[in-house]
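Inspection log for the structure reproduced underneath, given as C-alpha cells.
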Amino acid sequence: MRIVTRLIAVSDLGSREIARRAGIPIQKISDLLSGKLEHFTYDELQAIRRIIDSGQASPA
C-alpha cells in the first residue's frame, strides 16, 4: 500500500486521471492516500499500480 501511495504522489498523472483510468471514484483515491486501505480490493490496487506504471513510461 505504501508503494502505491508513493507512486500516486510522485506520478505525472493526477489523482483524478488515475481514478478515471482505473474506473474508480476519486474519493477512493483520496481514501487510499489517507491510509484507508480496507476500502480497496487487491484487483483495484493492482489496476492503480499498472496505470501509474504505464503513465510513467509514456511521454508527457
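The values are calculated or read from the model by the stated rules, or taken from the named source; none is laboratory data. Quick caveat: nothing in here was measured; it's all calculated off a predicted structure. Ideal geometry is used to build each Cβ from the backbone, glycine not excepted, and the neighbour counts take in all protein chains shown.
Quick grid of which residues meet (1) surrounded by fewer than 14 Cβ atoms within 10 Å (Cβ to Cβ); (2) at pLDDT 85 or above; (3) in a helix (DSSP H, G or I):
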site: T5; (1), (2), (3): no, no, yes
site: I8; (1), (2), (3): no, no, yes
site: I18; (1), (2), (3): no, yes, yes
site: S30; (1), (2), (3): yes, yes, yes
site: G35; (1), (2), (3): yes, no, no
site: E38; (1), (2), (3): yes, no, yes
site: L45; (1), (2), (3): no, yes, yes
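Pairing each residue of the stretch 1-24 that is in contact (Cβ under 8 Å) with a residue 24 or more places away in the chain with any residue that is in a loop (DSSP other than H, G, I, E, B) and crowded, with 16+ Cβ neighbours inside 10 Å, provided the two are 6+ apart or on different chains, yields C-beta distances under 8 Å for I18/S11; R21/L13.
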